[in-house]
Amino acid sequence: MAKHKTSGKRRKKRRLRVGRLIALILILFMLILGGIYAGYRSSLKPVSRNGEDVVFTVNSGDSLKAVAEHLQSEKLVRNALFAAFYARVNHLSDIKAGDYPLNSSMSVEEIFTTLNDATAAIADEDQVTIIEGDWTKNVAKKISEKTQVSAEDLLALWNDADYLHSLMEKYPFLTEDIFNADIRHNLEGYLCPDTYSFYRTETDPKVITEKILDQTLAVYQKHADAIASNSYGLSIHEVYTLASIVQYESGNPDDMAKIAQVFYNRLQDGMPLQSSVTVCYALDADSGEDWKQCEYNPDVDSPYNTYLHTGLPPGPIVNPGEEAIQAVLNPDTDYAGYYYFMADVDTGTVYYARTLEEHNANVALYGKA
């Protein structure tokens with residue numbers, strides 16, 4: 001009888017030890033799970049408080065695992081495994097290919113929300129704005145900064161006679177006059193000011209060129225009849241040339257038609273235009289203090305110098321906007337008796353004069369040393 005009681009006590013102690021072991025294992029398991037969960041929750045937080053913006057690329061066909069590992073290598077997430085798990089269980093695994101602006105101060109949720117939104121990707125296209133009065137060389141530079149086409153390749157194409165001849169049927173504003181040997185850039189004046197979208201990966205300068213010329217054509221067609229029948233008998237090339245001078249002289253539409261009339265008055269009377277902006281073009285001076293060079297160098301040896309040569313220069317000196325073209329086609333005839341004008345460089349106000357004496361008085365009052 002005593003033997004039976006001893007055996008029962010042993011079994012009871014054994015069960016107690018097993019129970020304690022199981023409890024210990026469960027506690028350890030819970031602690032491990034708790035640690036893992038704490039690590040998981042921590043891994044979802046931003047890597048840093050004040051991160052820098054980076055462009056993160058997702059390639060077509062990249063797996064969730066590959067993207068998460070790439071994020072970790074770029075120090076945008078703390079743990080690739082946890083980041084991928086979070087994305088999958090939260091239905092954020094539908095990642096879109098593209099370039100995305102990310103920051104290490106973003107949480108895992110913010111990062112994967114961004115990567116699931118195709119509209120958040122940086123656009124494949126970039127914009128280039130040609131402003132009224134831009135020089136052709138500057139247009140080429142702007143485009144080269146936003147595409148894979150170099151400024152040198154664009155300028156070479158824009159001076160390629162064979163290529164330009166091939167365009168003349170489609171673009172009737174391009175005439176044989178643009179091939180004057182004295183012209184610096186054959187397409188100077190014919191690159192229509194506007195904002196254009198180009199693919200950043202674009203490598204074909206012809207695609208870029210013809211996109212711009214399509215817009216030039218659209219503006220030209222609006223005024224083709226007026227250009228053909230203009231009162232002063234100017235050719236297409238002469239209209240664009242005079243419009244470019246008017247554009248360079250003033251960006252103010254209120255003055256453009258008046259300035260155009262002054263130039264017509266001088267042309268009709270056989271007087272040189274004496275436009276300092278043509279000297280700016282001859283000197284290749286277009287900004288800042290360069291206007292003083294234009295004023296102080298009326299004797300510069302150039303076919304573009306309208307102090308030395310009567311009539312219009314060989315070709316346009318900037319790319320004019322539509323308002324300048326309209327001004328040349330519709331000059332302000334109220335200024336038919338005016339032969340001079342000058343602008344206050346600080347205010348932009350233009351002062352007109354009928355005689356040289358009146359003009360000199362304006363210069364004395366409003367001119368800048």
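The values are calculated or read from the model by the stated rules, or taken from the named source; none is laboratory data. Not measured: the values here are computed from a predicted model. As a convention, Cβ positions derive from the backbone with ideal geometry for all residues, glycine included, and neighbour counts pool all protein chains shown. Remember, those area values only see protein heavy atoms, side chains included, never the ligands or the DNA or RNA. Shrake-Rupley method; radii C 1.70, N 1.55, O 1.52, S 1.80 Å.
Listed values, structure above:
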read-out: In the stretch 50-88, the residues that are open to solvent by less than 20 Å² (accessible area, probe 1.4 Å) and assigned to a helix (DSSP H, G or I); value: Leu64, Val67, Ala68, Leu71, Ala80, Ala83, Ala84, Ala87
read-out: Residue identified as surrounded by 14 or more Cβ atoms within 10 Å (Cβ to Cβ), among the hydroxyl-bearing types (Ser, Thr, Tyr) and part of a strand (DSSP E or B) among Tyr190, Tyr232, Tyr220, Tyr196; value: Tyr196
read-out: Extreme residue, modelled with the highest pLDDT, among residues of the stretch 19-49 that are open to solvent by 100 Å² or more (accessible area, probe 1.4 Å) and in a loop (DSSP other than H, G, I, E, B); value: Lys45
read-out: Enumeration of residues in the stretch 345-360 that are more than 18 Å from Asp332 (Cα to Cα), open to solvent by less than 50 Å² (accessible area, probe 1.4 Å) and without any contact (Cβ under 8 Å) to a residue 24 or more places away in the chain; value: His359
read-out: Residue tally, condition open to solvent by less than 10 Å² (accessible area, probe 1.4 Å) and either closer than 30 Å to Gln148 by Cα or aliphatic (A, V, I, L, M) (or both), over the stretch 241-262; value: 9
read-out: Matching option when the condition is out of contact with any strand residue (DSSP E or B) (no Cβ under 6 Å at 6 or more places or on another chain), among the basic types (Lys, Arg) and open to solvent by 40 Å² or more (accessible area, probe 1.4 Å), among Lys137, Lys146; value: Lys137
read-out: Qualifying residue in the stretch 111-118 (condition: assigned to a loop (DSSP other than H, G, I, E, B) and of a type in the set (Val, Ile, Thr)); value: no
read-out: Hits in the stretch 299-349 - residues which are under 15 Å from Leu273 (Cα atoms) and charged (D, E, K, R); value: Asp299
read-out: From the options Val277, Val219, residue that is closer than 17 Å to Pro314 by Cα and either of a type in the set (A, V, I, L, M) or at pLDDT 95 or above (or both); value: Val277
